[in-house]
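The values are calculated or read from the model by the stated rules, or taken from the named source; none is laboratory data. Predicted, not measured: the structure shown is a model, and the values here were computed from it. As a convention, Cβ positions derive from the backbone with ideal geometry for all residues, glycine included, and neighbour counts pool all protein chains shown.
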Amino acid sequence: MMGRDFRRDRGADGANAMLNYGYAVLRAATVRAIVSAGLHPSLSVHHRSGGDALALADDLMEPFRSTVDLIVHRLRAEGRACVEDAREDLVACLSADFPTRNGATPLSQVLVRLAQSLARSFLDRKLKLDFPSRPLPDVVGETEHA
């Protein structure tokens with residue numbers, strides 16, 4: 001998606017830095033959703049904690065990382081290659097609409113519903129997670145930049 005020569009490097013600048021920033025935005029929103037659902041973000045379903053205080057956030061955000069990837073791909077195509085030029089667009093990932101049984105729903109709300117459904121699953125001892133109809137947003141919006 002990022003080109004044949006692209007290598008993921010968490011310490012690199014450019015697209016890597018934009019991915020880091022976008023994933024941090026997504027992770028923070030996921031943590032807020034988890035805490036608002038009454039869960040503790042260090043619990044884990046899949047990721048091994050290993051001292052990671054946000055392992056559950058890593059679990060729940062995983063299906064939505066592609067939203068950030070799509071935004072970074074678009075930003076690179078527009079010639080933007082640094083976080084300073086991309087912050088607004090990366091934060092806007094939380095407004096990306098996903099198709100749900102309730103109609104188009106922003107990612108921030110999708111995360112809340114997912115965390116709430118996980119909490120209900122723990123209480124009911126029956127796994128029934130509230131995911132969107134598909135893991136990609138309807139459209140990855142563009143923001144105006146100065």
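Which one of the conditions (1) surrounded by fewer than 21 Cβ atoms within 10 Å (Cβ to Cβ); (2) under 16 Å from residue 29 (Cβ atoms); (3) of a type in the set (A, V, I, L, M) does residue 60 fail to meet, given that it meets all the rest?
So the condition that residue 60 fails would be (1).
Give the residues of segment 84-93 that are under 17 Å from the mean Cα position of the chain (by Cα) and in a helix (DSSP H, G or I), sorted by residue number. Even if it seems obvious, please write down each step before you answer.
We begin by selecting, within segment 84-93, every residue under 17 Å from the mean Cα position of the chain (by Cα); these are 86-93.
Hits for segment 84-93 are 87, 88, 89, 90, 91, 92, 93.
Cβ-Cβ under 6 Å, sequence separation 6+ or interchain: first residue in segment 130-146 and surrounded by 15 or more Cβ atoms within 10 Å (Cβ to Cβ) and part of a loop (DSSP other than H, G, I, E, B), partner modelled with pLDDT of 90 or more and β-branched (Val, Ile, Thr). Which pairs?
132/100; 132/110; 137/67; 140/71
Pairs, please: C-beta under 9 Å, at least 6 apart or cross-chain, first residue part of a loop (DSSP other than H, G, I, E, B) and at pLDDT 90 or above and in segment 50-77, second crowded, with 18+ Cβ neighbours inside 10 Å and not basic (Lys, Arg)?
54/30; 54/31; 54/34; 54/41
Which residues, counting only those in segment 66-101, are touching a Gly at 6+ places or on another chain (Cβ under 9 Å), closer than 17 Å to residue 30 by Cβ and among the small types (Gly, Ala, Ser)?
Selection gives 92, 95, 96.
Any chance segment 102-123 includes a residue that's surrounded by fewer than 17 Cβ atoms within 10 Å (Cβ to Cβ), closer than 16 Å to residue 137 by Cα and aliphatic (A, V, I, L, M)?
So far as segment 102-123 goes, yes, one or more of its residues are surrounded by fewer than 17 Cβ atoms within 10 Å (Cβ to Cβ), closer than 16 Å to residue 137 by Cα and aliphatic (A, V, I, L, M).
Of everything in segment 1-45 that's in a loop (DSSP other than H, G, I, E, B) and polar (S, T, N, Q), which residue is surrounded by the fewest Cβ atoms within 10 Å (Cβ to Cβ)? Steps first, answer last, please.
Let us first name the residues in segment 1-45 that are in a loop (DSSP other than H, G, I, E, B), namely 1-14, 37-45.
Filter once more, so that each one left must be polar (S, T, N, Q): 42, 44.
Numbers: 42: 14, 44: 16.
Looking at the filtered set, the residue picked out is 42.
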